[in-house]
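Heads up, the thing below is written out as structure tokens.
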Amino acid sequence: MRGPIALILLAGSLSGCLGSGLKSWRVQPPPPANVVSEQHPKRIRVSRTDSTTIVLRDPSVIGDSLVAVDPGGRRLAIPLTQVTQVEVEKTDGGKVMFGVVGGVAGAVLLIYLIGNALGHVAQGY
């Protein structure tokens, strides 16, 4: 009985590890308008003069404002004068490699555990 539970827990852990954490935020040099117009990022993290931070998607610069979609799906305009820092989400090559190696090792372990559990069932343990 412990074998199937361990397999379920292992599979859940592996899927969580592989599905998250392969990207990281990178601070971009000012001005914020150049980051958006030159890099065309899909998502940015904006720090504002009031010390708040928000993740926005599909950003663009219109006039003197940063215009994007907030997490609630609403279109938002932030005056560029209120933006202190912009970060862009980048894929981290080291994390991707770790995820691939970890995924392969996890798959081998999972196959071993399944084979071992099936062997015990066939032998009547």
Checking Val88 against (1) in contact with a helix residue (DSSP H, G or I) (Cβ under 7 Å, 6 or more places away or on another chain); (2) surrounded by fewer than 17 Cβ atoms within 10 Å (Cβ to Cβ), which test does it fail? (2)
Taking only pairs six or more apart or across chains, which ones have beta-carbon atoms under 8 Å, a first residue in the stretch 54-78 that is touching a residue at least 24 places away in the same chain (Cβ under 8 Å), and a second residue that is of a type in the set (Asp, Glu)? Ala68/Asp58
Residues in the stretch 107-125: is at least one surrounded by 11 or more Cβ atoms within 10 Å (Cβ to Cβ), under 30 Å from Gln28 (Cα atoms) and either modelled with pLDDT under 90 or aliphatic (A, V, I, L, M) (or both)? no
Any idea how many residues of the stretch 36-53 are in contact with a strand residue (DSSP E or B) (Cβ under 7 Å, 6 or more places away or on another chain) and of a type outside the set (Val, Ile, Thr)? 8
Scanning the stretch 26-54 residue by residue, those surrounded by 15 or more Cβ atoms within 10 Å (Cβ to Cβ) and under 14 Å from the mean Cα position of the chain (by Cα) turn out to be Arg43, Ile44, Arg45
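The values are calculated or read from the model by the stated rules, or taken from the named source; none is laboratory data. As the structure is a prediction and not an experimental result, all values here were calculated from the model. Cβ coordinates were reconstructed from backbone atoms using ideal geometry, including for glycine residues, and neighbour counts include every protein chain displayed.
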